[in-house]
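Each value in this text was obtained by applying a stated rule to the coordinates, not by laboratory testing. Predicted, not measured: the structure shown is a model, and the values here were computed from it. Neighbour counts run over all protein chains shown; Cβ positions are idealised from the backbone, glycine included.
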Amino acid sequence: MNKYVMKLLATLASAVVAGGCTSMAAESAASSSASAGGEEYAYVQDLEIAKRRVNELETELAERDRKLASTEAQLKKSGSIGSTAQADASLFPPNPKAGECYARVLISAKYRPVSERVLTQEAAERIDIVPARYETVEENVLVREASTKLEVVPAVFEEVQERVLVKPASTKIVEVPARYDTVAERVIDKPAHTAWKKGPAAVQSANVLSQTTNDTGEIMCLVEVPATYKTVEKRVLLSPATTREIAIPAEYKTVTKTVLKRPATTREVTIPAKYDTVSVTKLVAPARENRTSIPAAYETVTRNEKVADERMEWRQVMCEVNMTQANVRMLQRALADKGYYKTNVDGIIGAQTLSAARAFAIDNNLPAGSNYVPIEVVKKLNLKL
């Protein structure tokens, strides 16, 4: 059987005999209260319970071994765990006692400051460049060489006046209209005729052509009515319409005309060379190097040197065996007397109690934990649990 299992069985046996663990103590109390005739049955029952517990612990132990082997392999590979951490990697606290609880914690590696003189800058040589020196002088320089060019002499024109034909002579046929005149002419308006009129013939006198008497006794005379005339105006043709030919003389206009007097020509013109005074920069002294030796520089630096590797450690802590309400009240009162616990003393382990115990442990250079209370804190407070 595995040595860890053997140790576990020994621990369980001690717990049963001493009554340290709560669950085993309860089972033992239940078996002792049974009748004398049932002692054998209680013993078998306790043995079955112990076997089941051993099987559970063996399964849990195998799982922890597997996880521990995997973790140690990773730590070895990364080089973050030393021989000390490996040596303290036991799964059970050394020399356990019945009624005590332990917490397995990781103790961080310890370092110490070490001062040493290190080289911060190697010896070197500084090169300073002294720039070249120049001065500015004025010189006469040729800007443009002498040359020749062809120059065009433009043509000469003059203006002259000239009489030019605008429209040549021609003829045109002109129509002579007919001539008319208006004359007055007397014409018959009504021709002479006869008419019957009433009245005696004496009245009608010579105009009476004949007379008759009707049944009424009235005399009807046949009278001769003379013709009447009227004067009318009449347009008469004096001469009929005719045509005649008219000569149209030619038209001339005096215009101003630009005529070439002398054609354009070319001539060769000499362009003299051109000089100018310019400022010229001339080298007076060439650039040079100045070399300066720079000594090496050193500095004292402080580094942390590891003096102890990180390790796993078992620490005795308060647990359900000794974490009764009375013990917790004692712990809270002691921490309150020291000024660390500032709330009601209720006998319940909570975040405030754990925080106060951790602060007291840190201030007194004792093992400290965020989720457990080390026994060293209890001893430092002079508490008897």
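The table that follows gives values for the structure above.
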read-out: Label-to-label distance, nm, for residues given as E139 and R288 (7 Å Cα→Cβ offset); value: 2.5 nm
read-out: Overall Cα dimensions of segment 137-198 - principal axes, largest extent first, Å; value: 156, 38, 13
read-out: Cα Rg over Rh - segment 262-385, Kirkwood; value: 2.04
read-out: Listed residue pairs exceeding 31 Å between alpha carbons, taken from K149/K282; K306/K338; K97/K380; K172/K253; value: K149/K282; K306/K338
read-out: Set of lysines with alpha-carbon distance to K257 below 21 Å, sequence-local pairs under 8 removed; value: K167
read-out: Quotient of Cα Rg and 2.2 N^0.38 Å for segment 227-269, N being how many residues it contains; value: 3.88
read-out: Coordinate range along principal axes, alpha carbons of segment 318-385, Å, largest first; value: 27, 24, 21
